[in-house]
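Peer 1: One structure follows; several queries about it will come next.
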Amino acid sequence: MAYLLAELVKQRALNTTIDKLKAFKDKNSKPSDSDILAMLKEEINSYDNGVYCIFDALDEAPELDRFSIINHLIADLPSKARMIFTFRDLPEIANLFREQQNARRLLVTGKGEDLKTYINRVFEENPRLNRLAQQGPRRDEVVETVIKRAAGM
């Protein structure tokens, strides 16, 4: 949550938020989660058309942080905050979103052909990889293995 507040403050901060943050700094302390949440709400409500937040790779965040992010942000932020979360299709994350009434799910997967094009371009742009790939069927093996392990990611 602190990161989201920092990003909003960088773009356009209310004087009250800046004053509160300075007060914490002057006291050599850090704001609590509830302090950050209150400032975040105030900042978001100051935007006429709302705020769009994108949280990429939620599955790569520590498990406790995932729970906190989803529960605090979705449940506690004003409706002006529109959020998009990207994550691998993991049941433990999907279940957290099922509990949220306002959450909608859209499954997006990569196509094998897109990955194949990307990997071939990486081979072409990297002379060392390209030389390695010229030695037998390695290139095809690498491409097929990466596509298989990506599993539509």
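The values are calculated or read from the model by the stated rules, or taken from the named source; none is laboratory data. What you are looking at is a predicted structure, and each value in this text was computed from that prediction instead of being measured. Quick reminder, even Gly has a Cβ in these numbers, built from the backbone with ideal geometry, and neighbours come from all protein chains shown.
Peer 1: If I filter segment 110-152 down to residues being surrounded by fewer than 12 Cβ atoms within 10 Å (Cβ to Cβ) and in a loop (DSSP other than H, G, I, E, B), which single residue comes out as modelled with the lowest pLDDT?
Peer 2: Looking at residues that are surrounded by fewer than 12 Cβ atoms within 10 Å (Cβ to Cβ) and in a loop (DSSP other than H, G, I, E, B), I get G136.
Peer 1: Next question, about the same structure. Test I18 against the criterion of being among the β-branched types (V, I, T), closer than 28 Å to R98 by Cα and assigned by TED's automatic domain parsing to the domain that holds A94, and give yes or no. Quick ask: steps written out before the conclusion?
Peer 2: Details: among the β-branched types (V, I, T): yes; closer than 28 Å to R98 by Cα: no; assigned by TED's automatic domain parsing to the domain that holds A94: yes.
For I18, the condition - among the β-branched types (V, I, T), closer than 28 Å to R98 by Cα and assigned by TED's automatic domain parsing to the domain that holds A94 - is not met.
Peer 1: Also: Hey, could you check segment 39-72 for residues that are surrounded by fewer than 15 Cβ atoms within 10 Å (Cβ to Cβ) and small (G, A, S) and say which is modelled with the lowest pLDDT?
Peer 2: Selected residue: S68.
Peer 1: Just to verify a result, which residue in segment 14-36, among those that are assigned to a helix (DSSP H, G or I) and of a type in the set (A, V, I, L, M, F, W, C), is farthest from H72 (Cα to Cα)? Talk me through it step by step, then tell me what you get.
Peer 2: Of segment 14-36, the ones assigned to a helix (DSSP H, G or I) are 15-26, 33-36.
Still in the running and of a type in the set (A, V, I, L, M, F, W, C): 18, 21, 23-24, 36.
Working: I18: 22, L21: 20, A23: 24, F24: 22, I36: 11 Å.
Only one residue fits best here, namely A23.
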